[in-house]
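Take a look at the structure below.
The values are calculated or read from the model by the stated rules, or taken from the named source; none is laboratory data. Every value quoted in this text rests on a predicted model; they were computed, and no experiment measured them. For neighbour counting, all protein chains shown are included, and Cβ atoms are generated from backbone atoms with ideal geometry for every residue, glycine included. Please note that ligands, DNA and RNA were not included when accessible areas were found on the heavy atoms of the full protein model with its side chains. Shrake-Rupley method; radii C 1.70, N 1.55, O 1.52, S 1.80 Å.
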Amino acid sequence: MRCDVITIFPEIFNAYFSLKIFERALQSGIVGIKVHNLRDYTFDRHKTVDDYPYGGGPGMVLKPEPFFRAVKAIRADGVETCTIMLSPQGKPFDQETALALSKEKRRLLFICGRYEGIDERVKDALVEREVSIGDYILTGGELAALVIIDSVVRLVPGALGDEHSADEESFSWGILDYPHYTRPPEYEGLKVPETLLSGNHGEIARWRRKEALRRTSSRRPELLKRAPLTEEDDRLLLEIKEEEKDEPDQCS
Ligand code: JFB
């Protein structure tokens, strides 16, 4: 998996990718990440990247020329490239998109803006996909690019070392995770659920699935419509409904 980034804040990426888990992924060669400073592609001695918006209005807009020069310089090595721009107007990013990108043979090039955004001609001429990480406003594309790279890299086989089970991940696909516990069995009067200490693997699996369904049903009911559910899941959901009659949900 090869990822390149164009940004005016390369330090943000270097800080995150120098974490131990990413250092290993980078050293192994399974992942390659290169961060390019947009200012290195400016012409003038002030290294100007922004300018006033045509038509007026508040804030500044990132100029097109440095992006055109940066993208051309990066693509000059002939490596097939999928160019992705982060923006609030983009297609919502989800796990399906993460999986598709993790299987992408081409280099991924992330274009990060700041201020009011980037001159539209950059998108028109250079960008294949415009992506948003969600309906809230960030101050720039950098955190969105990090979110996407993080979620994509962990799906690349062997990249982060810990081989999270593909079986487990496809089983739990589309619903929320079950609650996790570790030692001690009791802390400040708070007990670990008895079932998890029982050593009965069948009963533990059933308990976890039921708790995952309980959380999904109470917090994200819309997910249950899309998730692949078994007949056993339907039985567990009925049990949960019955329990709710006795003890209504306390959590909002
Ligand atoms: C991405 C960005 C800005 C215009 C510009 C560049 N989910 C998301 N929220 N915000 C962004 C995003 C994604 N992906 C995002 C790139 C830029 C925000 N800004 C700031 C905020 C509002 N309107 C500039």
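One residue stands out among those in the range 98-131 that are surrounded by 17 or more Cβ atoms within 10 Å (Cβ to Cβ) and touching a Ser or Thr at 6+ places or on another chain (Cβ under 6 Å): the one that is farthest from ALA70 (Cα to Cα), which is ALA98. The residues of the range 99-117 that are over 16 Å from the mean Cα position of the chain (by Cα) and either within 7 Å of the ligand (Cβ to nearest atom) or assigned to a loop (DSSP other than H, G, I, E, B) (or both), listed by number, are LYS105, ARG106, GLY113, ARG114, TYR115, GLU116, GLY117. Only one of the listed residues (ASP77, ASP50) is surrounded by 16 or more Cβ atoms within 10 Å (Cβ to Cβ) and more than 27 Å from the chain's Cα centre (by Cα). That residue is ASP50. Scanning the range 88-98 for any residue that is among the β-branched types (Val, Ile, Thr) and within 18 Å of VAL127 (Cα to Cα) turns up at least one such residue. So, in the range 151-194, exactly how many residues are touching a residue at least 12 places away in the same chain (Cβ under 8 Å) and surrounded by 15 or more Cβ atoms within 10 Å (Cβ to Cβ)? The total comes to 12. Whether a residue is touching a residue at least 12 places away in the same chain (Cβ under 8 Å), under 20 Å from GLU11 (Cα atoms) and either near the ligand (Cβ under 9 Å from one of its atoms) or open to solvent by 40 Å² or more (accessible area, probe 1.4 Å) (or both) was assessed, and ILE148 passes this test. Pairing residues of the range 118-145 that are closer than 18 Å to GLU96 by Cβ and within 7 Å of the ligand (Cβ to nearest atom) with residues that are open to solvent by 30 Å² or more (accessible area, probe 1.4 Å) and assigned to a strand (DSSP E or B), at Cβ distances under 6 Å and at least 6 apart in sequence or on separate chains, gives VAL131/LYS91; SER132/PRO88; SER132/PRO92. Read through the list (1) open to solvent by 80 Å² or more (accessible area, probe 1.4 Å); (2) more than 25 Å from the chain's Cα centre (by Cα); (3) not acidic (Asp, Glu), then give the number of the only condition that PHE68 fails. With (1) open to solvent by 80 Å² or more (accessible area, probe 1.4 Å); (2) more than 25 Å from the chain's Cα centre (by Cα); (3) not acidic (Asp, Glu) applied to PHE68, the lone miss is (1). Within the range 150-171, is there a residue that is touching a strand residue (DSSP E or B) at 6+ places or on another chain (Cβ under 9 Å) and small (Gly, Ala, Ser)? Looking for residues that are touching a strand residue (DSSP E or B) at 6+ places or on another chain (Cβ under 9 Å) and small (Gly, Ala, Ser), one finds none in the range 150-171, hence no.
Note on the range 197-252: among residues that are of a type in the set (Ser, Thr, Tyr) and under 15 Å from TRP173 (Cα atoms), the one that is least open to solvent (accessible area, probe 1.4 Å) is THR216.
Of everything in the range 22-32 that is among the aliphatic types (A, V, I, L, M) and open to solvent by less than 40 Å² (accessible area, probe 1.4 Å), the residue that is modelled with the highest pLDDT is VAL31.
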